[in-house]
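> Sharing a structure, written as structure tokens. Questions coming.
Bear in mind these aren't lab numbers, they're just calculated from the coordinates by the rules spelled out. Computed from a prediction, not measured in an experiment: that's the story for all the values here. All Cβ positions, glycine included, derive from the backbone under ideal geometry; neighbour counts span all protein chains shown.
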Amino acid sequence: MMKFRFMKLRDPKNTPLVGLILAIFLVGCSTSEPIEISAEDYTATVDKVTEIMVHDIFSPPVASRIYAYPNVAAYEIMIQNNAGYKSLSGQLNQLEPVPQANDTTINFRLASLVAHMDVSRTLLFSEDRMASYRDSLYGVWEKTNSSEFEKSRDYGLQVSEHILQWLDKDFYKQTRTMPKFTVDTEDPSRWQPTPPAYMDGIEPHWNKIRPMVLDSAAQFKPAPPPAFSMEKESDFYKELIEVYEVSEEITKKGDESEEIEIAQFWDCNPYVSVTRGHLMFATKKITPGAHWIGITKIASKKAEYDFDETIYAFTKSSVAMFDAFISCWDEKYRSNLIRPESLINQNIDENWEPILQTPPFPEYVSGHSVVSGSAATVLTDIFGDNFSFLDDTELPYGLPVRSFSSFNAAAQEAAVSRLYGGIHYRAAIDEGLDQGINIGNLVIERLEMKL
Amino acid sequence: MMKNREYLRLITKISLVVLSLTFLVSCNNEDYLFDLIPASKTGVDFQNNITESDQLNILDYLYFYNGGGVAMGDINNDGLPDLYFSANQERNKLYLNKGDFQFEDISESSGTEGMSTWNTGTIMADFNNDGWLDIYVVSVVGINDFKGHNELFINNQDNTFTESAAAYGLDLQTYGTTAAVFDYDMDGDLDLYLLNHAVHTEESFGRAQIREERNEKTGDRLMRNDNGRFVDVSEAAGIYGGINGYGLGLAISDFNKDGHPDIYVGNDFHEDDYYYLNNGDGTFTESLRDYFGHTSRFSMGNDAADINNDGWPDLISLDMSPEDEKVLKSSEGDDTYQTLKMRTEQYGYHYQFTRNMLFLNNQGKPYSEAAILGGISATDWSWSALFGDYDMDGAQDLFVSNGIPKRPNDLDFIRFVSSEEIRTKINDTRLVDQTALEMMPSGVVPNYMFKGSGDGAFENKNNLWIKNIATVSGATAIGDLDGDGDLDIVTNNINESAGIYRNNTENANYLKLRFKLNSGNGHGIGTQVYLYQNGNVQFRELYPCKGWQASSEPIIHFGIGSATSIDSVKIIWPNNTYQVERNLEVNSTVSLSEKNNTPYSKEIKNELPLFRKVSDKLGITYRHKEDNHTDFNYQKLIPYEVSDRGPALAVGDIDLDGKDDIFLGGARNQKSEVFLQRDGGFVLSEYPELAKDSISEDVSADFLSFRNGTQFVLPVGTGGNNIGNSLNSLKNRSIHIRKGELIVDPKSKTPTNTGKVLVMKNEQNQGMSVFYGNHSTPLDYGNIPESYFEGPYRFATGTDNRLGMITDAVTEDFDNDGQMDLIVVGEWMSPKFFKNNNGTFEEIEMLDQPVSGLWQSIIPFDIDKDGDLDYLLGNWGQNSKFKASLNTPMRMYYADFDENGTTETIIAIEKNGKYYPLLGLNELSEQMVFLRKKFNAFKDFAGKSIEEIMGEEMLSKATVFEVNTLSSGFLRNNDNSFNFVPFPKELQTAPIMAFAEYDFNGNGTKSVLAAGNYFGVIPFHGRFDSFSGALINSEKDITIGSKLGLDMEHKSARHLKVIDLNNQPYLLIVYNNDEVQIYEIERP
């Protein structure tokens, strides 16, 4: 009997006979409890997405995409049950209104979570990992209140489908088969692959991805970097030497130094390749976007945000970061600037290694800076300035907890960590941070979410 | 302990499976050529047991699994070779050979157990020249708390030894791999080369030049024997000693046969191998680039021997490419295109690829690399290669030992497993997670045995000659352990008993030689021997320190098949005197000493080569320069580039002075150039009209003059596959003279990559037509463009103008009706014959069966001398990872598989009855991301057929192209029907790109010269650089270019043309991305 019920009730096209059985069943189980969904359920799902992303290895821009769309899907469902928020349709580029629920007894929180999981699952590689996480939740909900679960799930999937159609047109698919980045080996100022993996430049066409809020990828085009020159008096050379000298100085201070701790704390490199002879492996960490998603979670928790408020915070910050990556990558492949590691090895010290592994894309501007700037600006707007927090996001990756007096202080530190890490010049950090703040402010100004 | 038991269990399991399989096989076959004799019978209970610990494992020492050494030699002069094994972590062992595969362990009593912490290779040689073999053991000292020094056990002539390395100056403390003895300075005593390995980070390439800065631990050492004391002369002798020399392979041979022994060093990782030619004055010149177009990348063991019986030593260098589809697709493979480009062009390293390399010696000219052609390119994680005539049929066979306890290059381990288990532990705490190590898949696999055919081809004899038993076998020695005249094999195995393989060859004859010289080189190391038998020659050199961390029995062994007598044997002693023995009995072991002291002078051939390079190129100072465009960046799965088909060449009288001039159309961003013929040579002339065309990439041109030479037409076809910002680079154009002015007329047509432009005279009305044979659609490879005529000619109604991916075409009256017909060839198609019916061309079937190839070139030529015209066809060759046959054609699927508006192509080849994609998940998913969702792990993908990977439904919507032969060859004319005949093996080493017909021999008979090589492939394929050209006089009379004075190796030819200057013929060779060459034709 149980088995029969389970199988039939999962079928959305219930036959009258099944309807009858359902009715009987409902009568028989009139003690069903409503399904409770908490803010923790939402953050746990986001954490699951992060965990799978680390396994699958997504580059930072792609990771930002995998965060943003599921949050938007969840948000668009959540607002239907909370008049305090406004839909993003018509506000985010080409987002049409999602199908409205025609049943007010739907558990909108559950539907939000279902949509989030379904969009995430589609975007991740290891679908099975997300599916097994989902199925364990489904099992619990089904047991608790199968009728509530099923109609809410069905609605969640309906919205998910809508969001998937929207994201399908963001040009991501087309960019997959666009040309790889061709390295210009003749111009000494141009980016070239860096040790140890000498990977090709990743996502050279990310600026073609449809932004959510920005008018165009180049809307906050930063000032160009200092003109390339190996003349000792040039601004560029001075910045190059600064990277080298800072690195030498803090290396002397040792691994315990504040600067090295900062560099490692904000490394956020999803794929650090390690080679020991013929043995190769990778140490994998979260992306910078994921780190700020982690901070969003910490802040939501500290502010005792409920489910709806939590979704709001995640959605707004992930949308800002999604656009931040488009804007940043637009500049990276425009200026196409060589990394300090290449130049220092070629001109100053052939045995020098940066404290962090140089990521595989051009130098200018710093992705950490743009993304941190945009996220901190948005989070400050949501939670207020001088919102202090303990950042334990990197604990699972063997890194300590750091405390920050505000989001902006964290962003400042994330930005300068790239100088300590030996992978960015000063200009990329300063200009990048400004670029990110501009994007954050645009998101705040344009998006009407919390009424 | 736990580990060993696990291994034993595993091995037992595998053995049982193998046993049951082989049992079935052996029911239908004769017994194995070799029997593995168990330790319980031989008494050789040596095992190289490796114990991993938190302090010492593959993370701490990169060569943790490289194994110990083995040396075979007669230490008590009783005629039976004894065995010495060095162990990495345990004590070394010496076994006395008691005959009949019985051995006695005298390790302890002989005093040869050694005291170094980590031993590697070992060799036997008579260091003090007392007629008794001593033992030298190499060790790693100075890292990981490894202590000790290399040990030299001097033979006390009573089965005991005294360690005396210090007294000889050989107590070296380096990161040693192995050593070899030879008399490099020809002073009559044995010198020593110590091969060391780097431990330096290979995380960044660094400049190649760091090899010039000597490092005392990692740099190789050349130790000169000064009256019994060995002195380090490395630096003065020109031996590199850098911190990046990962020396793993060492071969000594007189490669260039100048009487002085040379050295080949195989280096692991990105460091180049070294080819040291002996200058004869105590110094060497490293000459790798001059002689090798490319080498193995993770070079391991190697061996030099004459495998094709031409009297010159060839060379194999091992790597780690697996043959098994599942292992292949789940292991890290070659570099990406851009990484290789960077490593070679920016960092200064040579071309290296991840597979075994077989270098055929072209008599002192650059080597031809033909491992794939030879069938020995992939033997998994390989350590030792030893050539020997194991079946004694007169052709050298090959034994390869291989295996590794754990595969550290497993892609799932690299990307997924390792991270979650190791995380940051390794960098931060140096703690090793044993569970993480356990997650690397096992690489315990059977060794390889190949039967040689004497012409460079080998046949896999696994499970026929040797039983397939999974082991980790490293150092290997060969010799005649039981004195029955055939070569037995001994391997040093990790974590299990040494392998003792008894050779059971019967019914074949042999000759075994050992030498006894009066010099300080009593065993005659370096002696060269030629055996002449019934018009055949076999060549051997005595350099017993070979293979991998080992030395073999110091004898010369010949197999002579069923022959019952030997014509003569010529012995060239290390001091370059020689003698000839005419009365040696078959099936005997002969001990020879020097007599007569007759100086040996090389038979210097005074034949003048046919071609002599003209250094000033007659003024044709043209260098083709490709642009930076890389097809693989745009069409990631394109099987080869289509943007490198230029330059265009046309020869004709452009300035209307009655003499032929030369037009060379450049690559994108390179202008066309015209060289006008003047009295003394050619002069570059300025045509501003042509300079405007530099944007176009010219790939084919033709020339026709008319009206008594007062007019001409020079159509130029473009290609380059690069749309860039404009389509102008793909605009064809026609150059001609109008009112005395050179005119360039652009032709507007759908942009295509041209294959061949051919001007055809209309015999009927004095006019002409131009045939544009097109190759491909830019950025849509697989979409066949239309080919067409310009002028009155046309294809017959109903002809599909999309003829194929045209590369070449000729006009010839193939049906003898007095009208010039058209024959076109191209890729993924069979040659097509078009009959000319008064200007209308109708395709007719002329082949007995279609031969679909990757055809590159065609020329009419009566190769079989039967009076009718045959057609020579240049194809891809047989020396590549492409694979095709009539029954199992290579396939190419073309479709927009992921429906994103961009098409892609997938190549699939057949293996054991199934079709597999040629490339792996990383490559395929770079274009088709959905595969990453379909296959979350490499092990899920590996071993899957193309149908399983793509799905039948997806494949069914694809256009399928097929190739059923990759051989170059010719279409034999059998009374107006043609059948395909492949060329011999020497012409299959690389694609043949161009032909030219001329009376090169000056004997009134025309011959065809063929040229080739091609580099437009990803590093997975390597570089097809080994074809030195060939002069084809007839089907049976073909001479390879390296013997003709041609220097075509390592360059990719596009055109051959004979031009006349002052009634003297010259050969013009035009290369892609290189300068042209001019040769004088030295006709007798």
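> Roughly how many Å is it from the Cα centre of the stretch B:979-1046 to that of the stretch A:212-265, as a whole number?
55
> Let me know the charge dipole size of the protein assembly as shown about its Cα centre in debye, to the nearest 20, where only the beta-carbon of Lys, Arg (+1) and Asp, Glu (-1) is charged.
3340
> Could I ask something else about it? Apply the a/c threshold of 1.5 to the C-alpha gyration tensor of the stretch B:288-371 and tell me whether it is rounded, prolate or oblate.
Oblate shape, in that a/c is at least 1.5 and b/c is the bigger or equal ratio.
> Can you sort B:HIS270, B:HIS350 from fewest to most other Cβ atoms within 10 Å of each residue's own Cβ?
Values: B:HIS270 21, B:HIS350 17.
Ordered by Cβ neighbours within 10 Å, fewest first: B:HIS350, B:HIS270.
> Now for a separate question. Under the 0.36 nm per residue contour assumption, what length would be gained going from the current alpha-carbon distance of A:GLU233 and A:GLN100 to full extension?
41.5 nm
> Now for a different question. Cα extents of the stretch B:975-1076 along the three principal axes, largest first, in whole Å?
Projected onto its principal axes, the Cα set of the stretch B:975-1076 covers 45, 40, 26 Å.
> Additional query: List the aspartates and glutamates whose alpha-carbon lies under 15 Å from that of A:LYS232, not counting same-chain residues fewer than 8 positions away?
Result set, ordered by chain and number: A:GLU242, A:GLU245.
> So how strong a dipole does the stretch A:325-379 carry about its Cα centre when Lys and Arg Cβ are +1 and Asp and Glu Cβ are -1, to the nearest 20 debye?
It works out to roughly 260 debye.
> Under 5 Å between amide H atoms, partner at least 5 residues away or on a different chain: which partners does A:PHE181 have, H built in plane at 1.01 Å?
A:GLY201
> Computed FRET efficiency, Cβ-Cβ of B:ARG678 and B:ARG612, R0 25 Å: what is it to the nearest 0.05?
Calculated transfer efficiency: 0.70.
> May I pose another question? Run the numbers on the stretch A:39-171 and let me know its relative contact order in percent, using alpha-carbon pairs under 8 Å that are six or more apart.
32
> Here is a further query. Using θ = phi - 60° and the Karplus form 6.51 cos²θ - 1.76 cosθ + 1.60, what ³J(HN,Hα) does each residue of the stretch B:501-511 get, whole Hz, x for Gly and Pro?
With the stated coefficients, the stretch B:501-511 comes to 9, 8, 7, 9, 4, 9, 6, 9, 9, 9, 9 Hz.
> Could you give each residue of the stretch B:965-973 its phi-based ³J(HN,Hα) in whole Hz, using Karplus coefficients 6.51, -1.76, 1.60 with θ = phi - 60°, and x for Gly or Pro?
8, 10, 6, 6, x, 9, 8, 7, 7
> Compare the Cα positions of A:PRO211, A:THR275, A:TYR172 along the charge dipole of the stretch A:153-285 (+1 at Cβ of Lys, Arg; -1 at Cβ of Asp, Glu; about the Cα centre) and return the one farthest towards the positive end.
Farthest towards the positive pole: A:TYR172.
> While we're looking at this one, here's another question. Roughly what % of Cα-Cα distances in chain A sit above 33 Å, to the whole percent?
When every Cα pair of chain A is considered, 38 percent fall beyond 33 Å.
> Now for a separate question. Taking the C-alpha atoms of the stretch A:264-395, how large are the radius of gyration and the largest Cα-Cα span, Dmax, in Å?
17.5, 55
> If you don't mind, there's one more thing I want to ask. In nanometres, what is the gap between the two model label sites at B:GLU216 and B:VAL586, each 7 Å from Cα along Cα-to-Cβ?
5.8
> Listing A:MET53, A:MET230 from the residue with the fewest other Cβ atoms within 10 Å to the one with the most, what is the order?
A:MET230, A:MET53
> Follow-up. Starting from the 7 Å offset along Cα-to-Cβ, what nm value, one decimal, do you get for the label separation of A:ASP255 and A:ASP215?
It works out to 5.1 nm between the two label points.
> Under the Kirkwood approximation applied to all pairs of distinct alpha-carbon atoms, what is the hydrodynamic radius of chain B in Å?
Mean inverse Cα-Cα distance, inverted, gives 31.2 Å.
> With just the Cα atoms defining each centre, how far is the stretch B:907-963 from the stretch A:143-170? Give it in Å.
33
> In what sequence do B:VAL1008, B:VAL138, A:VAL443, B:VAL327 fall when counting other Cβ within 10 Å, fewest first? Please report the intermediate quantities before stating the final value.
Working: B:VAL1008 23, B:VAL138 29, A:VAL443 26, B:VAL327 20.
Fewest to most other Cβ atoms nearby, the residues stand as B:VAL327, B:VAL1008, A:VAL443, B:VAL138.
> Between B:ILE556, B:TYR622, B:PHE930, whose Cα lies farthest towards the positive end of the dipole of the protein assembly as shown when Lys and Arg beta carbons carry +1 and Asp and Glu beta carbons carry -1, centred on the Cα centre?
Among B:ILE556, B:TYR622, B:PHE930, the one farthest towards the positive end of the dipole of the protein assembly as shown is B:PHE930.
> Using DSSP H assignments, which helices in chain A have an axial alpha-carbon span of 15 Å or above and a mean Kyte-Doolittle hydropathy of 1.0 or higher?
Membrane-span-like by this rule: A:16-28.
> If you don't mind, another one. Summing +1 for each Lys or Arg and -1 for each Asp or Glu, what net charge is found among the other residues whose Cβ lies under 13 Å from the Cβ of B:GLY148?
-3
> Let me ask you something else. Please name which of A:PHE322, A:LEU399, A:PHE236 has its Cα lying farthest along the dipole of the stretch A:185-446 towards the positive end, using unit charges on Cβ (Lys, Arg +1; Asp, Glu -1) and the Cα centre as origin.
Farthest towards the positive end: A:PHE322.
> Just from the alpha-carbon atoms, what are the Rg and Dmax of the stretch A:185-446 in angstroms?
18.1, 57
> Okay, next question. Could you please report the charge total around B:ASN774, scoring K, R as +1 and D, E as -1 over all other residues with beta-carbon less than 10 angstrom from its beta-carbon?
+2
> Rounded, prolate or oblate: pick one for the stretch A:118-178, where a ≥ b ≥ c are the square roots of the eigenvalues of its C-alpha gyration tensor, a/c under 1.5 means rounded, and failing that, prolate if a/b is larger than b/c, else oblate.
Working: a/c = 7.02, a/b = 1.93, b/c = 3.63.
Since a/c reaches 1.5 but b/c is at least a/b, the shape of the stretch A:118-178 is classed as oblate.
> Right, here's the next one. Rounded to the nearest 20 debye, what is the charge dipole size of the stretch A:39-171 about its Cα centre when +1 sits on each Lys and Arg Cβ and -1 on each Asp and Glu Cβ?
Using Cβ point charges on Lys, Arg, Asp and Glu, the stretch A:39-171 gives about 220 debye.
> Which is the longest part of chain B that has none of the chymotrypsin sites (Phe, Trp or Tyr not before Pro) sitting in a DSSP loop with at most 16 other Cβ atoms within 10 Å?
On the way: sites that count: B:TYR347, B:TYR600.
Between exposed loop sites, the widest span is B:601-1084.
> For the stretch B:828-874, what is one quarter of the convex hull surface built on the Cα atoms, given in nm²?
4.2
> Quick one: angle between helix B:2-28 and the longest Cα principal axis of chain B, in degrees between 0 and 90, rounded to 10, please.
Orientation of helix B:2-28: about 60 degrees from the principal axis.
> Still on this structure, I have one more. How big is the stretch B:893-964 along each principal axis, measuring the range of its Cα positions in Å and listing the largest first?
33, 31, 20
> How would the protein assembly as shown be classified by its alpha-carbon gyration tensor: rounded, prolate or oblate, with rounded meaning a/c under 1.5 and the a/b versus b/c comparison settling the rest?
Note, shape of the protein assembly as shown comes out oblate.
> Starting at the first residue of the stretch B:263-268, write each ³J(HN,Hα) from the Karplus equation 6.51 cos²θ - 1.76 cosθ + 1.60 with θ = phi - 60°, in whole Hz, x for Gly and Pro.
Along the stretch B:263-268, the couplings run 10, 10, 10, x, 10, 6 Hz.
> A further question follows. Using a Förster distance of 45 Å, how high is the FRET efficiency between B:THR799 and B:LYS911, based on the Cβ-Cβ distance and rounded to 0.05? Show your work: numbers first, answer last.
Details: r = 38 Å, r/R0 = 0.83.
Taking R0 as 45 Å, the efficiency between B:THR799 and B:LYS911 is 0.75.
> Along the Cα→Cβ direction, 7 angstrom out, place labels at B:GLU104 and A:ASP128. What is the inter-label distance in nm?
6.1
> Quick one: plug the Kirkwood hydrodynamic radius of the stretch A:39-171 (C-alpha pairs) into Stokes-Einstein at 25 °C, 0.890 mPa s, and report D in µm²/s.
Result for D is 164 µm²/s.
> Here is a further query. What is the sum of charges, Lys and Arg at +1 and Asp and Glu at -1, for the other residues whose Cβ falls under 10 Å from the Cβ of B:ASP171? Before the final figure, lay out the partial values.
Details: positive: none; negative: B:GLU151, B:GLU163.
Local net charge: -2.
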